[in-house]
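Visitor: I have a structure here, written as structure tokens, and I will follow up with some questions on it.
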Amino acid sequence: MKNLAGLMKQASQMQSKMEEMQARLQTMEINGESGAGMVRITLNGKGDLRRIKIDPKIVDPADTEMLEDLILAAHRDARNKVDTTSAAEMQQLTGGLNLPPGMKLPF
């Protein structure tokens, strides 16, 4: 029983640390860009869109398809950075314990 109580305490501490990490991710701002920086997307650490910045030089009403592609590419770049940052935060929190994707603590 003593081990179970200790395990429950550790799970509670882990949950508290997870909540702190989630709060940190919510306040982070991660940028992605495309077109040599002409389109910039800012996401928070949870992947929510915060800002889009488009250089006016690339706005061509006759070629909106290119602009749409650049926006998608910038978003993809930012999203990859969010995923990398989140994975690094989780790795630090779990001390290198590889948990399956989507697994939430405590169990």
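The values are calculated or read from the model by the stated rules, or taken from the named source; none is laboratory data. Since we're looking at a predicted model, the values are computed, not measured. All Cβ positions, glycine included, derive from the backbone under ideal geometry; neighbour counts span all protein chains shown.
Visitor: Confirm whether Pro106 is exposed (fewer than 11 other Cβ atoms within 10 Å of the Cβ) and at pLDDT below 95. Steps first, answer last, please.
Guide: Numbers: exposed (fewer than 11 other Cβ atoms within 10 Å of the Cβ): no; at pLDDT below 95: yes.
Criteria not met by Pro106.
Visitor: Assess whether Ser12 counts as being at pLDDT 90 or above and not charged (D, E, K, R).
Guide: Working: at pLDDT 90 or above: no; not charged (D, E, K, R): yes.
It is false that Ser12 is at pLDDT 90 or above and not charged (D, E, K, R).
Visitor: Can you name the condition, by its number, that Arg50 falls short on among (1) touching a helix residue (DSSP H, G or I) at 6+ places or on another chain (Cβ under 9 Å); (2) assigned to a strand (DSSP E or B)?
Guide: Here Arg50 meets the rest and fails (1).
Visitor: Here's something else I'd like to know. I need the full set of residues from segment 26-67 which are surrounded by 14 or more Cβ atoms within 10 Å (Cβ to Cβ), closer than 17 Å to Arg79 by Cα and hydrophobic (A, V, I, L, M, F, W, C), in order please.
Guide: Met28, Ile30, Val39, Ile41, Leu43
Visitor: Among the residues of segment 13-25, which ones are without any contact (Cβ under 8 Å) to a residue 24 or more places away in the chain and either surrounded by 13 or more Cβ atoms within 10 Å (Cβ to Cβ) or of a type in the set (D, E, K, R) (or both)?
Guide: Across segment 13-25, the qualifying residues are Glu19, Glu20.
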